[in-house]
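Participant: Supplied in structure tokens, the structure appears directly below.
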Amino acid sequence: MEQKTQTGFKSGVPFAESAGAARPGAHPTAIEVADLDFFYGSRQALHGINMTMPAGKVTAFIGPSGCGKSTLLRCFNRMNDLVPSAWIGSGSIRIHGIDINGPNIDPIELRKKVGMVFQKSNPFPKSIYENVVYGLKIQGRANRAVLDEVVERSLRQAALWDEVKDRLHNSALALSGGQQQRLCIARAIAVEPEVLLMDEPCSALDPIATSKVEELIFELKKRYTIVIVTHNMQQAGRCSDYTGFFFMGRLIELDRTEKIFTNPAERQTEDYITGRFG
Amino acid sequence: MSHPFEEQLTDIRETLLLMSSLTDRNLSLAVRALVNRNNGDADVVVTEDSEIDELEIEVDEKVITYMATHGPIARDSRLMLAASKISGNLERIADQATTIARRAKALNSEPPLAPLIEIPQMAVLAQRMLHDAITAFVEGTYEMARDIIPRDREVDELNRRVAHELMALMMQSPENVTRAVNLMTVAKAIERAADHAQNIAEEVYYLYRGLDIRHDHGTES
């Protein structure tokens with residue numbers, strides 16, 4: 001496997017230089033949120049969020065619609081920067097020890113390290129091959145041999161290679177919904193992120209395609225830290241190591257998934273996951 | 001308005017309660033058949049055991065159907081596990097009741113060996129354990145379930161004493177052996193019924209507390 005080059009979120013700055021002693025492996029916590037208050041205009045969407053997400057594990061966010069789980073997910077790669085009314089009131093988010101809202105952080109660099117897969121698959125209207133190498137080409141990497149290698153590796157990691165290896169230059173839009181979603185995952189991991197964010201990645205997929213993506217998540221967590229937002233309780237139970245339950249912008253409970261789904265500490269959590277409210 | 005799934009969970013609980021009341025009744029009748037030398041009570045126990053067997057299967061069918069269609073989580077998943085295990089233990093208690101009833105009929109056909117020693121006292125303790133375990137299940141009180149568990153030791157101790165006294169009677173005269181063996185079997189069946197009542201109490205504790213305390217595992221300090 002190709003050795004991952006650690007770079008920070010500042011353009012051209014190596015990871016070790018910008019993060020000090022904080023390196024993946026030496027730092028078991030991948031993401032650390034401290035006292036985070038987040039607003040859309042005057043409406044507070046997140047209230048005093050404190051949590052850590054360990055490296056190399058899958059953390060699931062669950063909760064009713066509007067509880068703030070997707071908002072928090074988008075904070076991790078500063079996707080909310082693109083929403084004009086969004087602002088952070090107080091608190092911090094550190095990824096591998098780096099304050100991602102610090103003054104010298106380049107959001108574009110951040111997003112290379114913190115990839116995202118969305119609810120609806122969104123392949124570009126290009127070939128399968130071009131979709132996978134899109135991020136690398138933007139980075140200026142055009143060596144054909146390198147790109148070929150990345151395409152094969154990414155598609156293999158996304159469990160899609162065997163299905164598309166003979167038609168890499170066909171349109172990505174001809175793929176099935178499940179294949180398109182796995183292509184988007186391949187595209188996200190082609191740039192070798194450290195964290196992979198997934199916002200309801202299976203909500204538009206049938207059970208077979210969902211099963212494939214879930215198997216993929218299980219494989220990917222060996223290489224990446226994954227945070228997944230899902231409305232599917234069974235999926236959270238099957239896929240994640242840790243689960244956080246959110247309600248009305250607050251983190252109600254965060255614990256090992258096994259604990260949350262067998263004997264949660266909070267009544268609100270139990271009522272939600274057993275379908276008694278929400 | 002309750003969710004449809006709540007009605008299905010209630011149905012599982014009610015089937016368990018029906019099963020427990022029949023089991024409780026059979027255990028009482030079996031002991032009464034012995035104490036009052038009443039074969040009619042013994043016949044009822046043996047005849048109606050099959051109804052409890054069928055209810056055990058019915059509980060398991062409802063549990064597996066609910067699990068397959070609803071994917072229960074947290075306290076609902078614990079209820080599935082507990083319901084299946086409680087029904088299994090109830091069925092075993094009912095089997096012990098039929099053993100007591102059959103041995104009672106055999107004993108009733110002969111003159112009484114001696115006073116029944118401490119067997120009736122054992123039976124009262126076992127029946128109370130079962131009754132309290134079911135009450136804890138109905139009321140959702142894990143403290144009550146936990147307090148049942150040490151009471152099994154008292155039944156075990158009585159069983160040892162009964163066995164010791166019956167051994168002495170057997171050694172006194174060969175004529176006592178058949179009746180003493182029957183009484184020993186009755187005492188053992190009551191002791192096993194108390195074990196099953198303890199198992200039910202442990203399941204009820206797990207159901208409401210989320211902690212497994214079987215075999216002293218995870219006992220709270």
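Participant: Checking A:Asp106 against (1) more than 25 Å from A:Lys221 (Cβ to Cβ); (2) out of contact with any Lys or Arg (no Cβ under 7 Å at 6 or more places or on another chain); (3) not polar (S, T, N, Q): exactly one of these is not met. Which one?
Facilitator: Only one criterion is unmet by A:Asp106, namely (2).
Participant: Same structure again: Do any helices (runs of 4 or more DSSP H) entirely within segment A:101-182 hold 3 or more residues that are of a type in the set (Val, Ile, Thr) and farther than 30 Å from A:Gly89 by Cα, and if so, which?
Facilitator: A:128-138, A:144-157
Participant: Check A:Arg94 against each of (1) of a type in the set (D, E, K, R); (2) in contact with a strand residue (DSSP E or B) (Cβ under 8 Å, 6 or more places away or on another chain); (3) under 19 Å from A:Ile189 (Cβ atoms) and name the one condition it does not meet.
Facilitator: Of the numbered conditions (1) of a type in the set (D, E, K, R); (2) in contact with a strand residue (DSSP E or B) (Cβ under 8 Å, 6 or more places away or on another chain); (3) under 19 Å from A:Ile189 (Cβ atoms), the odd one out for A:Arg94 is (3).
Participant: Could you count how many residues in segment B:74-121 are within 14 Å of another protein chain (Cβ to nearest Cβ) and either touching a Cys at 6+ places or on another chain (Cβ under 7 Å) or assigned to a helix (DSSP H, G or I) (or both)?
Facilitator: Matching residues across segment B:74-121 total 8.
Participant: Also, I was wondering about something else. Report those helices (runs of 4 or more DSSP H) wholly inside segment A:186-278 carrying at least 2 residues which are within 12 Å of chain B (Cβ to nearest Cβ) and either more than 22 Å from A:Leu110 (Cβ to Cβ) or free of Cβ contacts under 8 Å to residues at least 40 places away in the same chain (or both).
Facilitator: Because the criterion is at least 2 residues that are within 12 Å of chain B (Cβ to nearest Cβ) and either more than 22 Å from A:Leu110 (Cβ to Cβ) or free of Cβ contacts under 8 Å to residues at least 40 places away in the same chain (or both), the helices (runs of 4 or more DSSP H) in segment A:186-278 that meet it are A:233-239, A:257-262, A:267-273.
Participant: Okay, moving on. Just wondering, is there one or more residues in segment B:56-63 that are in contact (Cβ under 8 Å) with a residue 24 or more places away in the chain, out of contact with any strand residue (DSSP E or B) (no Cβ under 6 Å at 6 or more places or on another chain) and within 14 Å of chain A (Cβ to nearest Cβ)?
Facilitator: Checked against the condition, which is being in contact (Cβ under 8 Å) with a residue 24 or more places away in the chain, out of contact with any strand residue (DSSP E or B) (no Cβ under 6 Å at 6 or more places or on another chain) and within 14 Å of chain A (Cβ to nearest Cβ), segment B:56-63 yields no hits at all.
Participant: Here's something else I'd like to know. Could you figure out which of (1) crowded, with 22+ Cβ neighbours inside 10 Å; (2) touching a Leu at 6+ places or on another chain (Cβ under 6 Å) isn't true of B:Met184?
Facilitator: Every condition holds for B:Met184 apart from (1).
Participant: Can you tell me which residues in segment B:16-39 are more than 17 Å from B:Ala193 (Cα to Cα) and without any contact (Cβ under 8 Å) to a residue 60 or more places away in the chain?
Facilitator: B:Leu18, B:Asn36 - these are the residues of segment B:16-39 that are more than 17 Å from B:Ala193 (Cα to Cα) and without any contact (Cβ under 8 Å) to a residue 60 or more places away in the chain.
Participant: Which one of these is under 17 Å from B:Leu107 (Cβ atoms), more than 14 Å from chain A (Cβ to nearest Cβ) and under 18 Å from the mean Cα position of the chain (by Cα): B:Leu22, B:Leu34?
Facilitator: It is B:Leu34.
Only the coordinates and a few stated rules stand behind these numbers; no lab work does. Every value quoted in this text rests on a predicted model; they were computed, and no experiment measured them. In this analysis, Cβ positions are derived from the backbone assuming ideal geometry, glycine residues included, and neighbour counts consider all displayed protein chains.
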